[in-house]
Amino acid sequence: MKNTLTTYNPYNGEKLDDYELFSKQKTQSVLNASHSTFLDWKLTSIKKRTNLLIKLGDVLNENIEKYSKLITLEMGKPISQSRAEIEKCILLCDFYEKNADRFLSDQIIETEAHESFVSYDPLGVILAVMPWNYPFWQVFRFAVPTLTAGNTGLLKHASNVTGCALAIQEIFEQAGYPIGCFQTLVTDHDTIENLIQDSKIKAVSLTGSEKAGVSIASTASKVLKKSVLELGGNNACIVLDDADLDKYLDTMVNARFQNSGQSCIAAKRFIVTEGIYDEFLEKFKSKVESYTFDDPLKESTKIGTQAREDLAEDLKQQIEASIKKGAKVILGNKKEKAYFSPTILTDITEDMEVFKEETFGPVAPIIKAKDLDDAIEKASNSKFGLGTMLFTKDIETARKKIIHIEDGAFFINELVKSDPRLPFGGTKASGYGRELSNEGIHEFVNIKTVYINK
Ligand code: NAP
């Protein structure tokens, strides 16, 4: 078994750093510290915990350039988007600072009892297994509500963003969180499997692929532990004849190409009705052509490399397999090391890899539909259920379709996005449970019924 892991800059292939994997003893002592900190932390007031969120946001703000650069170096995200990621983490801190007290306060329920209410108590040590695509945001959206609810957190981050993982622990410590409240483990999959079974770990949250979800959830279920799973997606972006392309074309292109296509909620299938198809394709292509590749550290860069070369290779194989089944390349389809050029495909059928599977990179398959009902039927033909986008001027008709969307989100004239104020999560193979908002902070609490008679 390897004892070290090495991180590389995907833009130029240069080595960034080596990290030693934690020994068994070190992992155990991190777990013990998390548990013993929890015993005090759970007794602290909500006021104290929300005050720390102000400091947490301040530390992020004071070091925004440093953390943005770290994200860009480790996973190739264009620097302006890395900065936006940190800014979003700051907004998240602010949101829970202002609202956590309300979300977590006892809910009085009138019964025959002298007093009866629901209290939201912390569970203990919660383990998070996180992906590289939003290396700060994914972790913060787990950690901020989870810690504010009185739990402690352990992070196993994706190996290629270990620098970010360690920086995040430091941020919590600099903000004044007690030592042990939030800790990073530099470790492998087997250790995670063992940790989930340790009685000190009370629940696990995974954001990652379907494969990782099956593995983590089955280990957790064997020991009857709760899991929250935020997995892959294959979101449809439906564009109807009456869509306002002048107003929303940028939004549609951004829905696919932000983060160089590496977002779970990206538009991964464009389903366009016949009357607007040609106009859409022409305008969409011309906009995508303006997304040029450059050094992700440059302010103007809109498309970086994929986060690792093997990910660019996976994408290439999905596209090649679809081309064999008849897909036509309208733009792009060029790979060089970790770079994959923005790609548009047409003549898509529903048996193609780019239709059925999640494509985690800058590729936009365009599918023609007869009308809204046909478009929704095609959109729903997916094992995933993160979200659907619909672009139209006819809001009343769109509203009638809400009940027919099986996904965790339905965005009309907007790209599917996460927002601290709104719950976020999926259905079907996209996982279960919710993050963010009131719902997210209640995932890792004991919803306790208290009943008092005199
Ligand atoms: P991944 O390969 O599943 O890895 C995610 C995390 O899980 C990493 O930390 C990885 O560690 C770890 N992991 C994988 N298998 C494991 C196992 N058997 N035991 C313990 N840990 C395991 O996914 P990724 O490539 O990093 O991320 C892309 C995926 O995440 C996409 O499918 C995307 O849609 C999904 N995602 C979903 C959401 C959402 O909110 N729904 C958000 C972002 C991303 P190593 O790095 O060490 O392998």
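The values are calculated or read from the model by the stated rules, or taken from the named source; none is laboratory data. Here the structure is a predicted model, which is why all the values come from computation and not from measurement. Cβ sites come from the backbone with ideal geometry, for glycine too, and all protein chains shown count toward neighbours. Ligands, DNA and RNA are stripped out before the accessible areas are found, and what is left, the full protein with its side chains, is counted by its heavy atoms. Shrake-Rupley method; radii C 1.70, N 1.55, O 1.52, S 1.80 Å.
Here are the numbers:
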| quantity | calculated |
| --- | --- |
| Boolean, Ser68 is open to solvent by 10 Å² or more (accessible area, probe 1.4 Å) and either assigned by TED's automatic domain parsing to the domain that holds Asp198 or under 16 Å from Gln174 (Cβ atoms) (or both) | no |
| Breaking point among (1) open to solvent by less than 50 Å² (accessible area, probe 1.4 Å); (2) in a helix (DSSP H, G or I), for Asp94 | (1) |
| Conditions (1) more than 21 Å from Ala203 (Cα to Cα); (2) surrounded by fewer than 21 Cβ atoms within 10 Å (Cβ to Cβ); (3) within 16 Å of the ligand (Cβ to nearest atom): number failed by Phe117 | (3) |
| Arg83 being modelled with pLDDT of 95 or more, closer than 26 Å to Gly176 by Cα and crowded, with 21+ Cβ neighbours inside 10 Å | no |
| Of all residues in the range 296-329 being part of a loop (DSSP other than H, G, I, E, B) and open to solvent by 30 Å² or more (accessible area, probe 1.4 Å), the one that is nearest to Ile366 (Cα to Cα) | Gly326 |
| Some residue of the range 67-78 being among the polar types (S, T, N, Q), over 16 Å from Cys181 (Cα atoms), within 15 Å of the ligand (Cβ to nearest atom) and under 24 Å from the mean Cα position of the chain (by Cα) | no |
| Single residue of Ser286, Ser260 found to be closer than 17 Å to Val363 by Cβ, assigned to a helix (DSSP H, G or I) and either open to solvent by less than 20 Å² (accessible area, probe 1.4 Å) or not assigned by TED's automatic domain parsing to the domain that holds Arg83 (or both) | Ser260 |
| Test: Leu224 is in contact (Cβ under 8 Å) with a residue 60 or more places away in the chain, more than 8 Å from the ligand (Cβ to nearest atom) and more than 19 Å from the chain's Cα centre (by Cα) | no |
| Hey, Asp18 more than 16 Å from the ligand (Cβ to nearest atom), touching a residue at least 12 places away in the same chain (Cβ under 8 Å) and either open to solvent by 40 Å² or more (accessible area, probe 1.4 Å) or under 25 Å from the mean Cα position of the chain (by Cα) (or both) or not | no |
| Strands (runs of 3 or more DSSP E) contained entirely in the range 360-454, each with at least 1 residues that are open to solvent by less than 30 Å² (accessible area, probe 1.4 Å) and over 30 Å from Val144 (Cβ atoms) | 363-369, 388-391 |
| Candidate set: the range 341-359, residues that are assigned to a loop (DSSP other than H, G, I, E, B) and of a type in the set (Ser, Thr, Tyr); chosen: the one farthest from Leu311 (Cα to Cα) | Thr349 |
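Residues are listed down the side, and each one gets a yes or a no for (1) open to solvent by 60 Å² or more (accessible area, probe 1.4 Å); (2) under 24 Å from Tyr432 (Cα atoms):
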residue: Thr187; (1), (2): no, no
residue: Ser199; (1), (2): yes, yes
residue: Gly232; (1), (2): no, yes
residue: Asn235; (1), (2): no, yes
